[in-house]
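For reference, the structure discussed in these notes is given below.
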């Protein structure tokens with residue numbers, strides 16, 4: 001287990017998946033924790049519609065902040081895209097999908113789905129695995 005993965009349980013589920021991943025890398029990206037938590041707050045729960053997993057979107061933010069470009073730069077754009085694609089491949093290799101409702105087995109964007117996911121303890125049994133995978137990939141790739 002790597003350093004960031006070991007910190008997942010200290011942050012999640014107090015914060016959503018995207019917040020957890022992004023904030024764990026905030027310091028080394030030059031952001032304070034509060035700012036990182038605010039930036040990522042709308043990306044949890046598969047962007048509130050059980051689509052792309054928050055651990056994944058939080059990872060995209062880490063990759064973008066570390067390797068993204070702020071001026072027209074085709075090489076930097078291509079590198080960032082390649083890093084995102086490589087992240088996606090590794091995450092899908094491990095879990096089979098990038099989609100929250102496929103990963104959890106529940107549409108947590110609905111009250112019924114969220115309730116069922118809580119009853120099945122998805123947020124304490126499955127989601128931490130996704131977070132740890134995301135952190136491990138980021139630490140290995142970046």
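Some notes on this structure:
- With Cα atoms, 0 to 90° folded angle of helix 74-95 axis to the chain main axis: 30 degrees
- Here region 10-25 and region 78-125 have alpha carbon centers that stand 14 Å from each other.
- Residue-span extension gain [residue 119 to residue 47] - 0.36 nm each, minus C-alpha spacing: 23.8 nm
- For Cα extents along the principal axes in Å, the value computed from the atomic coordinates appears in the list (i) 47, 28, 28; (ii) 68, 35, 21; (iii) 48, 33, 25 under label (i).
- Normalised contact order of region 3-141, rounded percent, pairs of Cα under 8 Å and 6 or more residues apart: 29 percent
- Estimated FRET transfer efficiency (residue 34, residue 129; beta-carbon r; R0 30 Å; 0.05): 0.65
- Taking each DSSP H run with n ≥ 4 as -39500 (n - 2.57) and averaging over every residue of the chain yields -20500 deg cm²/dmol at 222 nm.
Taken together, the values in this text are just the output of simple stated rules run on the coordinates, not laboratory data. This structure is a prediction, so every number in the text was calculated from the model and none was measured. So basically every Cβ, Gly included, is an ideal-geometry build from the backbone, and we count neighbours across all protein chains shown.
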